[in-house]
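Just below is one structure, and these are the notes that go with it.
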Amino acid sequence: MQINVMSNIKDVKRKMTKAQKVIIPKATSMALNKTLSKTYTFVVREVAKVTGFKQKDLRQLISKRRASARYQEAVITVRGKAPNLIRFNARETAKGVTATAWGERKIYHGAFIGNQGRTVFHRTSEKSQPIEVNYGPRPWREFLRQEVDKASSLFAVKNFQTEFHRAVQFKLSKIR
C-alpha cells in the first residue's frame, strides 16, 4: 500500500524560514510514524474481518517500515501465502469439513482432515490417490480485492493531516 501526501512543496520551501526548514522534515516523519501505527492497527482489523484470520496471526504477516527525517516514507506490507483450511477452525463432519475462512462458516463437501490433524484435503477424482490440499484466503490478495485498501488509504490521509498539525505545533513549542 502506498499513500502519497504531496502538495506544491517547492513554493512552500521558498517561503520557509531556516527554523521551519529544520522543523518540517522532523514533524513530517513524526506524523508519518504516528499515522503508520494507527493505519497498521486499522489494516490488521479489517483484513481479519475479511479473511477470518486471527489478528495475532496476521500481525506476523503484515510488516511496517517507519519513516525518518531523511527518508520520509512509511510503508505497510501485507505478505503471506494461502494457509491450509485447518488454520480456520476446521472440523470434520459427515458431509465434509467446515471452516470459517473468508469470515463465515462454510462446508467443503467431500473434504477430509488428514496428516495427523494438520491438513485439509479433497479428492480430485473417484479414485483414492490424487488428493489436493484445500487452501484458505491469501491476506495480501484479500487486502487488495476487498475495499480494505481504499478504506485504509482514506483513513491514513485523514489521520496524517491531524498528526502533521500536532507534530508541527509540538516542534514549534520546543523552539520557543
Notebook entry, point to check: Roughly how tilted is helix 18-51, in degrees to the nearest 10 and between 0 and 90, from the longest Cα axis of the chain?
Noted result: 20 degrees
Next item on the list: Return the label of the correct value of Rg and Dmax of the Cα atoms in Å, as calculated from the structure shown, out of (i) 23.0, 80; (ii) 15.0, 46; (iii) 17.0, 62.
Entry: (i)
Next item on the list: For Lys150, go through the lysines and keep the ones whose alpha-carbon is under 25 Å away, minus same-chain ones fewer than eight residues off.
Entry: Lys34, Lys38, Lys49, Lys54, Lys56, Lys64, Lys81, Lys158
Check: Packing-wise, with mean Cβ within 10 Å as the measure, how do 81-88, 49-56 rank, highest first?
Finding: 81-88, 49-56
Notebook entry, point to check: If packing is taken as the mean number of other Cβ atoms within 10 Å per residue, what is the order of 135-144, 115-124, highest first?
Noted result: 135-144, 115-124
Next item on the list: Could you sort 67-79, 26-38 so that the peptide with the highest average Cβ count within 10 Å comes first and the rest follow in order?
Entry: 26-38, 67-79
Note to self: To test your reading of the geometry: what angle, between 0 and 90 degrees and rounded to tens, separates the Cα axis of helix 148-175 from the longest principal axis of the chain?
What the structure shows: 30 degrees
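Every number here is computed from the coordinates shown, using simple stated rules; none is lab data. Remember, it's a predicted structure, so these values are computed and weren't measured experimentally. Heads up, the Cβs are rebuilt from the backbone with ideal geometry, glycines too, and the neighbour counts pull from every protein chain shown.
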